[in-house]
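Written below as structure tokens is the structure these notes are about.
The values are calculated or read from the model by the stated rules, or taken from the named source; none is laboratory data. Just so it is clear, the model here is predicted, and its values are computed rather than measured. Note that each Cβ is placed from the backbone with ideal geometry, even for glycine, and that neighbours are counted across all protein chains shown. Accessible surface is based on the protein model in full, side chains and every heavy atom, while ligands, DNA and RNA are left aside. Shrake-Rupley method; radii C 1.70, N 1.55, O 1.52, S 1.80 Å.
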Amino acid sequence: MKGKVLIIDDDEALCERLTGYFAQYDLELIVAHSPTEGRMKLSSMSPDLLLLDVMLPETDGFSLCKEIRADNEIPIIMLTARGELTDKVLGLEIGADDYLAKPFEPRELVARIQVLLRRKPVTDSEPDVWHYEHLTIHPKHHKVILDGEELNLTGMEFRLLTLLAGQPGRVFNRDELLNELKGIDADVYSRSIDILMSRLRQKLGDNPQQARFIKTLRNAGYTFAAKRTG
């Protein structure tokens, strides 16, 4: 699978090793050693995926991720020497798509990249807008409107919502949600999926006991209860 990957990391030795390794998998690695250089290359070279180190000069990777995610839906994998669960959850909450702690095996990183690059994009044949009672979703423009007000969803929250809303009535168990959202290594995200679901429900104004949108089915999973109206 071919693709262009931008890495923003000040570890020059790591970037050099990955450049050669990625070439074996038809992945072109674009290297930036600072946030300033990274922003410029993100804008000018249109990469397919971003690898973002947490510990950077000028600013930290979490702040940079949040800044990039505000107007760019590029898949983001965060790289860090810290592997604490709180860091992983924070990365996912601000819009990262995956998280890998250093040191890592290059083959695992390539596998995670390939999972993200294989994700099915929204096609032109799909409707531009999904209408439900009280809720409107614009899948191509990553926009959600609830009772006339636009919601501020992270990339992960939006993907979870469109996964559920795209198949109203289907019951997703926890493992299926993890697999659909992450593809591999779901155990790492076993706690963050609960946080993600809780935050999405809060933004939708959903009470789990009287849910308008996402219902919990005991011992079964979650289902999107609202019916499509257009």
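Structural remarks
- Listed cross-link partners LYS41/LYS140; LYS66/LYS227; LYS102/LYS203; LYS4/LYS227 are compared with a 28 Å cut-off, the Cα-Cα value being larger for LYS66/LYS227; LYS102/LYS203; LYS4/LYS227.
- By definition, a body whose alpha carbon gyration tensor gives a ≥ b ≥ c is rounded when a/c is under 1.5, and the stretch 29-119 falls into this rounded group.
- A 1.4 Å probe run over the chain, with the rest of the protein chains in place, finds 50 Å² accessible per residue.
- DSSP finds beta bridges in the chain, and of those with both partners inside it, around 50 percent are antiparallel.
- At q = 0.25 Å⁻¹, base-10 log of I(q)/I(0) for the stretch 4-62 (Debye sum, equal scatterers on each alpha carbon): -1.02
- Solvent-accessible area assigned to carbon and sulfur over the chain amounts to 48 percent, based on a 1.4 Å probe.
- Semi-axes of the equivalent ellipsoid for the chain, Cα gyration tensor, largest first, Å: 33, 18, 17
- Charge dipole of the chain about the Cα centre (unit charges at C-beta), most positive-ward option of LEU117, SER198, ASN173: ASN173
- Our helix-only sum for the chain, with -39,500 (n - 2.57) per DSSP H run of n ≥ 4 divided by its residues, gives a mean residue ellipticity at 222 nm of -11500 deg cm²/dmol.
- With contacts taken as Cα pairs under 8 Å at a separation of at least 6 residues, the chain carries a relative contact order of 14 percent.
- Loop-resident sites, the stretch 1-54, for GluC sites (Glu not before Pro), counting at most 14 other Cβ within 10 Å (DSSP): none
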